[in-house]
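Trainee: I have a structure I would like to understand better, so I am pasting it below and will then ask my questions one at a time.
The values are calculated or read from the model by the stated rules, or taken from the named source; none is laboratory data. All values derive from a computational prediction rather than experimental measurement. As a convention, Cβ positions derive from the backbone with ideal geometry for all residues, glycine included, and neighbour counts pool all protein chains shown. Note: areas computed on protein heavy atoms with side chains; ligands, DNA, RNA excluded. Shrake-Rupley method; radii C 1.70, N 1.55, O 1.52, S 1.80 Å.
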Amino acid sequence: MMTYDIVIVGGGPAGLAAAVAAREAGTQSILILERDHELGGILNQCIHNGFGLHTFKEELTGPEYAYRFMKQVFDEKIEYKLNTMVMDISPDRVVTAMNKTDGMIQIKAGAVVLAMGCRERPRGALNIPGYRPAGIFSAGTAQRLVNIEGYMPGREVVILGSGDIGLIMARRMTLEGAKVKVVAELLPFSGGLKRNIVQCLDDFGIPLKLSHTVVDIEGKERVSAVTIAKVGPDMKPIPGTEERYTCDTLLLSCGLIPENELSKSAGVELNPVTSGPVVNESLETSIPGVFACGNVLHVHDLVDFVSEEAKKAGENASKFVKEGAAKSSKEPIKLVATEGARYTVPCTLDTDRMDDLLTVRFRVGAVFQDSYVSVYFDDERVMHNQKRIMAPGEMEQVILQKKKLSEYPDLKTITIKIEKE
Ligand SMILES: Cc1cc2nc3c(=O)[nH]c(=O)nc-3n(C[C@H](O)[C@H](O)[C@H](O)COP(=O)(O)OP(=O)(O)OC[C@H]3O[C@@H](n4cnc5c(N)ncnc54)[C@H](O)[C@@H]3O)c2cc1C
């Protein structure tokens, strides 16, 4: 059996940033395992710009952003294996993987970083009636076809779902000469970033119909028309509101699901809200020495935050290898999201192990205008930050200070909620 100090599962932006940070923290023996034939993850197909504004203060394309981290991996001579699928991770951190040259390999890891990203919700999970003709693609598949394989999935397009990938593909398909007739969104608000609604729909005159869903797909061999209808508060289509669009393509952009089959079989506890692992302040999962970061932990809107989070996971994995499992004399403090806030990452924190500042990320469950993000230490409100607008498509954060927490030695629960005043 091979041994490495740190094994990183996934060579996307999260895996790359974790690897670089672990090396900078002094760990020499690091192996990245990537199932694709190249490093970079989903960014390789995101050829639009808008990446890296926070990290590099520059507007980069996805591949350019990924390459900044790949270059550091190459320069640091961090080992990686491509075309290598991780099949299993055991609770005692034995990683089983498979590729064409080595066959099945087993690696004993001092620490493991989960960085497998996420996948798109498929049509099968959406209960759309109608036949199953050609011409129905997930938005990410269409993006790969157009940007990497060089194929046009269709000419007349309807998009269901207004997540960022759907919005970006509305613009991409238009730039490639297709006619995008409408973007329909089931919810009364978009799941994507405001900037993507403006730059990808408004700038191209593509209508966004909120509270609408697909009620019929016509065509036996190939999609020939799609009918959408308005939905009521119960999410059921309202008879008489149907609108039919002739088209040859339906793109689905209806949510992303963290890729956690490996985590589950390893016995990692998952959060039912995010579908990602429950982690502590060190981004360590319920299995000591197994860390998680990036879209496998919770779906991010900006890759900059993925890199920032992954850096922490890499540093903490390195610390685990050097110092072993952290011991603490006290119960960790629980982080609770309620009243408008849907979840927090992390879920617990130990003040002995946290840095001077800890970023807690969360999403809201609805659109809030002129409201406050409030943080309570047990029953006392300690933060009350006004926000003009908050929407489920944009990740929010609060920063906790170790110094402030030290004033509350018996603190049990930190609650994040959204308040009107
Ligand atoms: C279409 C689209 C548009 C986007 N646009 C923007 C934007 O404009 N600006 C922005 O900042 N962000 C954008 N993002 C978000 C950003 O790309 C992601 O946040 C980022 O790529 C997540 O990084 P990751 O490493 O967690 O996941 P990924 O990039 O998905 O990488 C995960 C890697 O793990 C590998 N893997 C998974 N399972 C295994 C296994 N079992 N064995 C081995 N390898 C495995 C995968 O092959 C993949 O390479 C966009 C994302 C998408 C999908």
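Trainee: Please give the strands (runs of 3 or more DSSP E) falling wholly within segment 252-337 in which 3 or more residues are charged (D, E, K, R).
Mentor: In segment 252-337, there are no strands (runs of 3 or more DSSP E) which contain 3 or more residues that are charged (D, E, K, R).
Trainee: What single numbered condition from (1) touching a residue at least 40 places away in the same chain (Cβ under 8 Å); (2) in contact with a Gly (Cβ under 9 Å, 6 or more places away or on another chain) fails to hold for R361?
Mentor: Status for R361: all satisfied but (2).
Trainee: So D352 fits all but one of (1) at pLDDT 95 or above; (2) loosely packed, with under 15 Cβ neighbours inside 10 Å; what number is the exception?
Mentor: For D352, the failing item is (1).
Trainee: A further question on this structure: Hey, among the residues in segment 196-217 that are of a type outside the set (A, V, I, L, M) and under 10 Å from L167 (Cα atoms), which one's most open to solvent (accessible area, probe 1.4 Å)?
Mentor: So the residue we want is Q199.
Trainee: Further question: Do we find that K230 is outside any loop (DSSP other than H, G, I, E, B), assigned by TED's automatic domain parsing to the domain that holds P207 and either open to solvent by 10 Å² or more (accessible area, probe 1.4 Å) or among the β-branched types (V, I, T) (or both) in this structure?
Mentor: yes
Trainee: I need the full set of residues from segment 1-11 which are surrounded by 24 or more Cβ atoms within 10 Å (Cβ to Cβ) and either closer than 14 Å to K311 by Cβ or not small (G, A, S) (or both), in order please.
Mentor: Listed by number, the residues that qualify are I6, V7, I8, V9.
Trainee: Considering only residues of segment 55-78 that are of a type in the set (F, W, Y) and more than 8 Å from the ligand (Cβ to nearest atom), which is most open to solvent (accessible area, probe 1.4 Å)?
Mentor: Y67
Trainee: Right, here's the next one. Just a yes or no: is a residue in segment 252-263 open to solvent by less than 10 Å² (accessible area, probe 1.4 Å) and out of contact with any helix residue (DSSP H, G or I) (no Cβ under 7 Å at 6 or more places or on another chain)?
Mentor: Among the residues of segment 252-263, at least one is open to solvent by less than 10 Å² (accessible area, probe 1.4 Å) and out of contact with any helix residue (DSSP H, G or I) (no Cβ under 7 Å at 6 or more places or on another chain), which makes the answer yes.
Trainee: Quick check on D370: is it out of contact with any Asp or Glu (no Cβ under 8 Å at 6 or more places or on another chain), in a helix (DSSP H, G or I) and not aliphatic (A, V, I, L, M)?
Mentor: no
Trainee: Select, from R144, R171, R155, the only residue that is among the basic types (K, R), over 19 Å from G205 (Cβ atoms) and not assigned by TED's automatic domain parsing to the domain that holds G393.
Mentor: None of the others qualify; the one that does is R144.
Trainee: Separate question: Residues in segment 40-54: is at least one surrounded by 21 or more Cβ atoms within 10 Å (Cβ to Cβ), closer than 21 Å to I107 by Cα and either of a type outside the set (S, T, Y) or under 16 Å from the mean Cα position of the chain (by Cα) (or both)?
Mentor: Taking every residue of segment 40-54 in turn, none turns out to be surrounded by 21 or more Cβ atoms within 10 Å (Cβ to Cβ), closer than 21 Å to I107 by Cα and either of a type outside the set (S, T, Y) or under 16 Å from the mean Cα position of the chain (by Cα) (or both).
Trainee: Further question: Looking at T3, T84, which is the one that is hydroxyl-bearing (S, T, Y), near the ligand (Cβ under 9 Å from one of its atoms) and touching a Lys or Arg at 6+ places or on another chain (Cβ under 9 Å)?
Mentor: Result: T84 is the single residue among T3, T84 that is hydroxyl-bearing (S, T, Y), near the ligand (Cβ under 9 Å from one of its atoms) and touching a Lys or Arg at 6+ places or on another chain (Cβ under 9 Å).
Trainee: Against the condition of a type in the set (S, T, Y) and on the phi > 0 side of the Ramachandran plot, how does S318 come out, does it pass?
Mentor: So S318 does not fit the description; no.
Trainee: Further question: Among the residues of segment 279-298, which ones are within 16 Å of the ligand (Cβ to nearest atom) and touching a helix residue (DSSP H, G or I) at 6+ places or on another chain (Cβ under 6 Å)?
Mentor: Hits for segment 279-298 are L283, F291, C293, G294.
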